[in-house]
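Report on one structure; see the data block that follows.
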Amino acid sequence: MKEKMINIGLMIGYLLFFMLMDFWVIAIQNSFNTMEPLNYGLYLSRFWGMILIGFLKWFVLGFLLDFMSKNGKLQLKVDLIYLSIALIGAAIYFMMHLGILMPMPAIIYSEKFMTQLICLIPILSGFFMFESLFISRSSASTDQ
C-alpha cells in the first residue's frame, strides 16, 4: 500500500513537473522585449533553453518509469555501459536538434514519426541513466 501511494505521488509530481516545463517553454517563447536589441546571442540562449527543457521533461519520465518498475530497496552502483548508452542517447538528441545528425530522408517527411522518435530518445536515455546508477538489492546480492 505504501509503495502504491509513493508511485501515485511520483506520477502526480511528474505531471506537475511536465506542466511546469510546458509553461516555461511558453514563457520563453513569449518573453521578447521589443525595446531590447535582438542579436544572435539572445536567440541562441532561448534556443538552448527550449532544447534543454524538452530533453529534461522526457528524460525525467524515463528515469521515473524505470524507478517505478524496480522492486525492493535500491543500491547505488555505477554501471559504465548503461551510463555510456545514456550519454550517447543524449548526444544523439542534441545532434538531431542542431541538424548535425539527420535520419534517413524517407523518415524526415513523416513528421509524426520524427516527433515520436525525438521524444523516445530522452525517455530511453533517462531509463538507461537510472539503470546505470541504481540496482535493486536483490539483484546486487546475486551478482556477488
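The values are calculated or read from the model by the stated rules, or taken from the named source; none is laboratory data. Please read these numbers as outputs of a predicted model, since none were measured by experiment. Heads up, the Cβs are rebuilt from the backbone with ideal geometry, glycines too, and the neighbour counts pull from every protein chain shown. For the accessible areas, the whole protein counts, side chains as well, though only heavy atoms, and no ligand, DNA or RNA atoms are used. Shrake-Rupley method; radii C 1.70, N 1.55, O 1.52, S 1.80 Å.
Below are the figures for this structure:
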item: Residue tally, condition farther than 15 Å from L56 by Cβ and either of a type in the set (S, T, Y) or outside any helix (DSSP H, G or I) (or both), over region 1-20; result: 1
item: Test for I123: is it open to solvent by less than 40 Å² (accessible area, probe 1.4 Å), more than 27 Å from Y43 (Cβ to Cβ), of a type outside the set (S, T, Y) and at pLDDT 85 or above; result: yes
item: Hits in region 9-34 - residues which are open to solvent by less than 90 Å² (accessible area, probe 1.4 Å), at pLDDT below 80 and among the hydroxyl-bearing types (S, T, Y); result: S31
item: Identity of the residue in region 64-83, assigned to a helix (DSSP H, G or I) and either farther than 24 Å from L15 by Cα or touching a Ser or Thr at 6+ places or on another chain (Cβ under 9 Å) (or both), that ends up least open to solvent (accessible area, probe 1.4 Å); result: L83
item: Qualifying residue in region 133-144 (condition: outside any loop (DSSP other than H, G, I, E, B), surrounded by 14 or more Cβ atoms within 10 Å (Cβ to Cβ) and modelled with pLDDT of 80 or more); result: yes
item: Answer residue from region 92-102, given it is modelled with pLDDT of 85 or more and in contact with a helix residue (DSSP H, G or I) (Cβ under 9 Å, 6 or more places away or on another chain) and is surrounded by the most Cβ atoms within 10 Å (Cβ to Cβ) among those; result: Y93
